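Note sheet for the following structure.
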Amino acid sequence: MVVVAVVVVVVVVVVVTIVAGVVVVVVVVVVVVVVVVVIVVVVVVTVVVVTIVVAAGVGLVVVVVVVVMSFNALMLAQNVDRSLGSECT
């Protein structure tokens with residue numbers, strides 16, 4: 001009876017140890033996967049935000065250039081009108 005009890009205790013301890021090890025490994029794997037997913041999400045969001053900011057900056061530069069060129073063209077047209085008007089009179 002004592003031998004059977006010792007064998008049962010040893011088997012229970014071994015099984016509990018194996019189960020605990022498997023649980024720890026599963027928890028570590030889940031934590032690593034979650035950390036990797038969070039890092040990937042942060043990187044993707046950062047890339048998207050930087051892309052949007054850069055695109056907005058480029059768009060702003062294009063708008064400013066177009067406005068400045070339009071203003072210059074308008075001023076040039078007015079100067080040409082004035083010079084033509086002075087020649088005609």
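Since every read-out is calculated from the coordinates, none of them should be taken as a lab result. All of these numbers come straight from a predicted model, not from anything done at the bench. In this analysis, Cβ positions are derived from the backbone assuming ideal geometry, glycine residues included, and neighbour counts consider all displayed protein chains.
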Q. Using θ = phi - 60° and the Karplus form 6.51 cos²θ - 1.76 cosθ + 1.60, what ³J(HN,Hα) does each residue of region 31-39 get, whole Hz, x for Gly and Pro?
A. 4, 5, 4, 4, 4, 5, 4, 4, 4
Q) How large is the helix-only mean residue ellipticity at 222 nm for the chain, computed as the sum of -39500 (n - 2.57) over DSSP H runs with n ≥ 4, divided by its residue count, in deg cm²/dmol to the nearest 500? A) -37500 deg cm²/dmol
Q | V26-T46 FRET efficiency (beta carbon distance; Förster radius 22 Å; 0.05 resolution) | A | 0.15
Q: Quick one: grab the alpha carbon gyration tensor of the chain, order the square roots of its eigenvalues as a ≥ b ≥ c, and give me rounded if a/c is under 1.5, else prolate or oblate depending on whether a/b is larger than b/c.
A: prolate
